[in-house]
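To keep things clear, I will list the structure first and then write my remarks on it.
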Amino acid sequence: MGQISDIHEKPASSIETDEKTSSTWIQTLSIETGGIERVTPDQRQENVTHFWNACTFWLSANMAVATITTGALGGPMGLEFWDSFIVILVVNLFSVLLPAWTAAFGLTGLRMTTFSRYSFGYWGNLLVVVFSMVATTGWNAINSISGAVVINALSDGRCPTWAGVIIICTVVWILCVLGINWIHKIDTFIWIPPLIVWCVTAGTGASHFSSAQPKEFKSSEDRAAAILSFMAIIFSFAVSWVNCAADYNVRMPINTSRARIFGATYVGIFAPSVLVQTLGAALYSGTIHRPEWKAAYASAGAGGLLKMALEPAGGFGKFLMVIAALSSIPNNIPNNYSFALHAQNFGPWAVRIPRIALVTFGFVVSVIVGCCAAQYFKDTLQTFLSVIGYWTVIHIVLVVVEHVVFRRGWQGYDLDAWDDPAKMHFGWSAIGAFAAGFVGAALGMKVAWYVGPIAGLIGNGANIGHELTGAFSGIAFVGLRWAEKRVCGM
């Protein structure tokens, strides 16, 4: 019996030792253990985030090869360099206002997907949760592919794209497991190496750039359609940060001004987006008079263009391509990190799932999706950038209408009710507005496999789905939310 007793006692002791060891490792490495729980003002007196982190975080996220890939998409549509540049500048100038504004919601101590409960309702917000998880997974996969094709081009095809996806996603997963403190520390300076790469690329490739038209348009309507469609892609890239911009500011000191967060976020997204997307447009212009550049783009996308531009730098150019590929890591951190926070909004049961477990799940899904999408990358990118923008428009429109029309500013929120379904509306109005928004998207969208009836009226098809999505969802939400408040009282 004594031996049997010993057998039962040892596992308990072993478990206790394992827990202490695990706790020691977590403290030593400063691993983030919390989830979507509201960070209260008194909790922000230690381990705080500085306001400039709102700038450097987004500088690192957007100083990436995926930003080059996005800027290069105007050329295949037939737009010359200066047309692409004007679209890039003007669209970013206005569209970056949206994620910069939502970044200030983090000062409430709530992540964006959780804060959306106040406009979408506790249960209607599940739409935000699902679509945010789809969006972050898709961006994770696509951004990884952008870096992987650079590795593929550098290795002359010996490292397949799917292998590059796995490498990039794995590094991102490690950083996201460590948590926000590590992320902000690394992002303070990690944007500098890619900036050097893009500057050198512009210098070594400049002699091959051209302002000529890639192809002739049959009519002015076709040219307008191409411009509108490229505008939709640039807009989608900028506003994709809306559903997570607040997540990285929840530990800001309580007295941090919203204006400083807005300004820091705006600069952090706008500056690299315009600079790097413009470089992408310039790199594609090299394909107009250089058959070898055109062949490189056909075989390896933006990675091929980078390789051609950096060839004069010799071995140093190859080293710079490695840095360019690794720029996909900070670009993907917001996606993998926020995926876990989105998932915890499914309900009280989801909050109990450790953040690290959900980060790992998001990593696995992104690897699978990224490896499968790699061989269909060009169409996948253009289609995904456009379609995911429709959902983001609905998200931001409903949050703005709720904030301005129904809450009438920041004082209209009971922040302690964030996890109490009894203190929030169900969300029928948001569900109805969501459906109306996608009717608008269906009428105005243009993607590789579908052209909406209204979109088809402009040239050979123009993507005006964002405008119609915003109008349909906004108008529907004003009426439905008013009715919901009258009937339900909240």
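I'd like to check something: does segment 327-346 contain any residue that is within 22 Å of Thr113 (Cβ to Cβ), touching a Lys or Arg at 6+ places or on another chain (Cβ under 6 Å) and outside any loop (DSSP other than H, G, I, E, B)?
Residues of segment 327-346 that are within 22 Å of Thr113 (Cβ to Cβ), as a first pass: 330-346.
Still in the running and touching a Lys or Arg at 6+ places or on another chain (Cβ under 6 Å): 340-341.
Subsequent filtering for residues that are outside any loop (DSSP other than H, G, I, E, B) retains 340-341.
Yes: one or more hits.
Report yes if Asn243 is under 26 Å from Leu59 (Cβ atoms) and in a helix (DSSP H, G or I), otherwise no.
On the way: under 26 Å from Leu59 (Cβ atoms): yes; in a helix (DSSP H, G or I): no.
Judged against the criteria, Asn243 is not a match.
If a residue must be part of a loop (DSSP other than H, G, I, E, B) and under 23 Å from Thr40 (Cβ atoms), how many such residues does segment 402-420 contain? Quick ask: steps written out before the conclusion?
Here is the first cut: in segment 402-420, the residues part of a loop (DSSP other than H, G, I, E, B) are 407-409, 413-414, 418-420.
Now drop any that are not under 23 Å from Thr40 (Cβ atoms), which leaves 407, 409, 413-414, 418-420.
Total satisfying the criteria: 7.
Can you run down the residue pairs with Cβ atoms below 7 Å, 6 or more apart or on separate chains, where the first is in segment 349-371 and open to solvent by 20 Å² or more (accessible area, probe 1.4 Å) and the partner is outside any helix (DSSP H, G or I)?
Cβ pairs passing all conditions: Val351/Gly35; Val351/Ile36.
Looking only at segment 159-209, filter to residues that are part of a loop (DSSP other than H, G, I, E, B) and not hydroxyl-bearing (Ser, Thr, Tyr); which one of those is least open to solvent (accessible area, probe 1.4 Å)?
We begin by selecting, within segment 159-209, every residue part of a loop (DSSP other than H, G, I, E, B); these are 159-160, 179, 188-191, 209.
So of that shortlist, the ones also not hydroxyl-bearing (Ser, Thr, Tyr) come out as 159-160, 179, 189-191, 209.
Details: Cys159: 29, Pro160: 43, Gly179: 0, Phe189: 120, Ile190: 48, Trp191: 59, Phe209: 59 Å².
Taking the candidates together, the pick is Gly179.
Do we find that Ala295 is over 30 Å from Thr102 (Cα atoms) and touching a residue at least 24 places away in the same chain (Cβ under 8 Å) in this structure?
Numbers: over 30 Å from Thr102 (Cα atoms): yes; touching a residue at least 24 places away in the same chain (Cβ under 8 Å): no.
Answer is no for this residue.
Let's see how each residue does on (1) among the β-branched types (Val, Ile, Thr); (2) closer than 20 Å to Ser338 by Cα; (3) in contact (Cβ under 8 Å) with a residue 24 or more places away in the chain:
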residue: Trp139; (1), (2), (3): no, yes, yes
residue: Ala153; (1), (2), (3): no, no, yes
residue: Ile174; (1), (2), (3): yes, yes, no
residue: Trp182; (1), (2), (3): no, yes, yes
residue: Asp187; (1), (2), (3): no, yes, yes
residue: Ile190; (1), (2), (3): yes, yes, yes
residue: Ala202; (1), (2), (3): no, no, yes
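If you scan segment 243-255, which residues turn out to be crowded, with 24+ Cβ neighbours inside 10 Å and either of a type in the set (Val, Ile, Thr) or free of Cβ contacts under 8 Å to residues at least 24 places away in the same chain (or both)?
Val250, the sole residue that qualifies.
Anything in segment 421-457 that is assigned to a loop (DSSP other than H, G, I, E, B) and surrounded by 20 or more Cβ atoms within 10 Å (Cβ to Cβ)? List them, or say none. Please lay out each step first, then the result.
Here is the first cut: in segment 421-457, the residues assigned to a loop (DSSP other than H, G, I, E, B) are 424-427, 445, 448-449, 452-454.
Matches in segment 421-457: Met424, His425, Gly427, Met445, Gly452.
Is it the case that segment 256-269 has a residue that's closer than 21 Å to Trp139 by Cβ, touching a Leu at 6+ places or on another chain (Cβ under 6 Å) and crowded, with 24+ Cβ neighbours inside 10 Å?
Within segment 256-269, the subset closer than 21 Å to Trp139 by Cβ is 265-266, 268-269.
Keeping just the survivors that are touching a Leu at 6+ places or on another chain (Cβ under 6 Å) gives 268.
Restricting the remaining residues to those that are crowded, with 24+ Cβ neighbours inside 10 Å gives 268.
Yes, some residue in segment 256-269 is closer than 21 Å to Trp139 by Cβ, touching a Leu at 6+ places or on another chain (Cβ under 6 Å) and crowded, with 24+ Cβ neighbours inside 10 Å.
So, of the residues in segment 73-97 that are modelled with pLDDT under 95 and among the aliphatic types (A, V, I, L, M), which turns out to be most open to solvent (accessible area, probe 1.4 Å)?
Met77
Tally the residues that are over 16 Å from Ala66 (Cα atoms) and either modelled with pLDDT of 90 or more or assigned to a loop (DSSP other than H, G, I, E, B) (or both), restricting the search to segment 269-300. Before the answer, list the steps.
Here is the first cut: in segment 269-300, the residues over 16 Å from Ala66 (Cα atoms) are 285-296, 298-299.
Of the ones still in play, those that are also either modelled with pLDDT of 90 or more or assigned to a loop (DSSP other than H, G, I, E, B) (or both) are 285-296.
Residues meeting the conditions: 12.
The values are calculated or read from the model by the stated rules, or taken from the named source; none is laboratory data. The model shown is predicted, which means the values in this text are computed figures rather than measured ones. We place every Cβ from the backbone using ideal geometry, glycine too, and count neighbours over all the protein chains shown. We work out accessible area using only protein heavy atoms, side chains counted, and drop any ligands, DNA or RNA first. Shrake-Rupley method; radii C 1.70, N 1.55, O 1.52, S 1.80 Å.
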